[in-house]
Amino acid sequence: MIFKIENYLALREATDRLCAFLLAEKVDEERAFDCKLIVYELIGNVLKHADGGATLYGEVSDGLVRLKLVAAKPFCPPNTTACADVFAEQGRGLFLVEKLCEEQTFTSEGEWIITIKSK
């Protein structure tokens, strides 16, 4: 599945369609919800901090969900993240993404590829 996301309405519609697709592909509900959290966090950051939106690609194969995010203005994530202080109002998103996925890859072309177990 491919989604072009340029605003929050498109983000909501894309995540709803992505989750429906994942469930139809027999991805566990909990893993589909993890994918939804990851997409909201990463693309929400794109919409908040960069212009031009992003394109999201999603597929299921070999027991894995692969999400690929290509932002109009690529962002290279840090190699590791730390959870923000308990009283902080921000700073947990990338930590959450790191904990929910099996693997993250950031390519030289600006693609952020996230792999999540489907079961």
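Go through the residues of segment 20-27 one by one and say whether even a single one is among the β-branched types (Val, Ile, Thr) and more than 12 Å from the chain's Cα centre (by Cα). Yes, that holds for at least one residue. Tally the residues that are open to solvent by less than 80 Å² (accessible area, probe 1.4 Å), in contact with a Cys (Cβ under 8 Å, 6 or more places away or on another chain) and in a helix (DSSP H, G or I), restricting the search to segment 16-33. Qualifying residue count for the region: 4. Residues that are touching a strand residue (DSSP E or B) at 6+ places or on another chain (Cβ under 8 Å), farther than 19 Å from His49 by Cβ and of a type in the set (A, V, I, L, M, F, W, C) within segment 4-25 comprise Leu18, Phe21, Leu22, listed in sequence order.
Return the total of residues in segment 1-12 being surrounded by 13 or more Cβ atoms within 10 Å (Cβ to Cβ) and not in a strand (DSSP E or B).
Here is the first cut: in segment 1-12, the ones surrounded by 13 or more Cβ atoms within 10 Å (Cβ to Cβ) are 1, 3, 5-6, 8, 10-11.
So of that shortlist, the ones also not in a strand (DSSP E or B) come out as 1, 6, 8, 10-11.
Number of matching residues: 5.
The values are calculated or read from the model by the stated rules, or taken from the named source; none is laboratory data. Note that the coordinates shown come from a computational prediction; the quantities given were computed from them, not determined experimentally. Every residue, glycine among them, receives a Cβ derived from its backbone with ideal geometry; neighbour counts consider all protein chains shown. Only protein heavy atoms, including side chains, enter the accessible area calculation; ligands, DNA and RNA are left aside. Shrake-Rupley method; radii C 1.70, N 1.55, O 1.52, S 1.80 Å.
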